[in-house]
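Taking it in order: structure first as structure tokens, then the write-up.
What follows draws every value from the coordinates through simple rules; no lab data is involved. Note that the structure is predicted; figures quoted are calculated from it, not measured. Backbone-built Cβ (ideal geometry, glycine too); neighbour counts: all protein chains shown.
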Amino acid sequence: MSYKIGIDVDGVLRDFCGTITDVIQKKYPEYIPENFNGIQSWFIDRDFDCTMDQLKQIYWYDDVDTIMGNGWPMYGQIKQMYDLFDWAENNGHTLVCVTSQRPHARQYTLKWLGNYGLNFETVYFRRGKDKWKVDVDYLIDDSPENYHFWKQGRGMEHGFILRDAPYNQDIDTKVRIHNLEEIKNIIK
């Protein structure tokens, strides 16, 4: 059986948390609290000494090219994506990108994907609350909110594969992965 598999960008392929932390440490050190231990919360303003509006100004506007266009990849995931493209082709599966990006910043994510040669058949730009509506059999995502939207919208957890992160530990799911290679054992 062949499947259509959706893969999120931030937190799955691109290291949004690591990149924004680096930008803040270099350009906005006053936002780094004394006891900073990395991003631990889905609501990242809880981890910094600033408001969510100030953070959004950084990653959606002032430093969008650095964070979205040239952000770091998640460790080891680019190589694994190349392997997944081969695996999908050999097994009749289709890999698509399903990501939530603001319209003015989508070009940066497309640039980022292109820089790494991640040539998805299709890139769907959907708000997190609407990702469950995309015609995919599986979605690999790190967002605790998107997990809940998927479960509510589809009426079940099946098909949602949670990419493990510090900020989604409270999600009690049957399918959690630490790297993309693991999906080969889930999707057979």
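Assorted remarks:
- For the chain, the longest principal axis of the alpha carbon atoms and the long axis of helix 16-27 meet at an angle near 20°.
- In segment 16-69, Cα pairs under 8 Å separated by at least six residues give a relative contact order of 34 percent.
- When M52, M68 are arranged by Cβ crowding within 10 Å, least crowded first, meaning fewest neighbours, the order is M52, M68.
- Annotation: extensible slack from Q57 through W72 equals 3.5 nm (criterion: 0.36 nm per residue apart, minus Cα-Cα distance).
- Just so you know, the Rg over Rh for segment 71-126 is 0.98, from Cα atoms, with Rh as the Kirkwood radius.
- Shown in residue order for segment 47-52 are the 3J(HN,Hα) couplings computed by the Karplus curve 6.51 cos²θ - 1.76 cosθ + 1.60 at θ = phi - 60°: 9, 10, 8, 7, 8, 5 Hz (x for Gly and Pro).
- Legend: P(r) of the chain from all alpha carbon pair distances, 10 Å bins from 0, whole percents, reading 9, 37, 37, 15, 2, 0.
- The C-alpha atoms of the chain define a longest principal axis, and helix 106-115 lies at about 70 degrees to it.
- Rule-of-thumb Rg ratio for segment 88-188 [Cα; 2.2 N^0.38 Å; N residues]: 1.09
- Degrees, to the nearest 10: 77-91 long Cα axis against longest axis of the chain: 20
- The order of K131, K188, K111, going from fewest to most other C-beta atoms within 10 Å of their C-beta, is K188, K111, K131.
- Percentage relative contact order, the chain, counting C-alpha pairs under 8 Å, at least six apart: 28
- For I161, the residues whose modelled amide H falls within less than 5 Å of its own, excluding neighbours fewer than 5 places apart on the same chain, are L139, I140, D141.
- Taking label positions 7 Å along the Cα-Cβ direction at both H148 and K27, the computed distance is 3.1 nm, reported to one decimal.
- Taking amide H atoms as placed 1.01 Å from N in the peptide plane, the amide H of R14 lies under 5 Å from those of M74, each 5 or more residues away in sequence or on another chain.
- Ranked S41, S100, S143, criterion: other C-beta atoms within 10 Å, fewest first: S41, S100, S143
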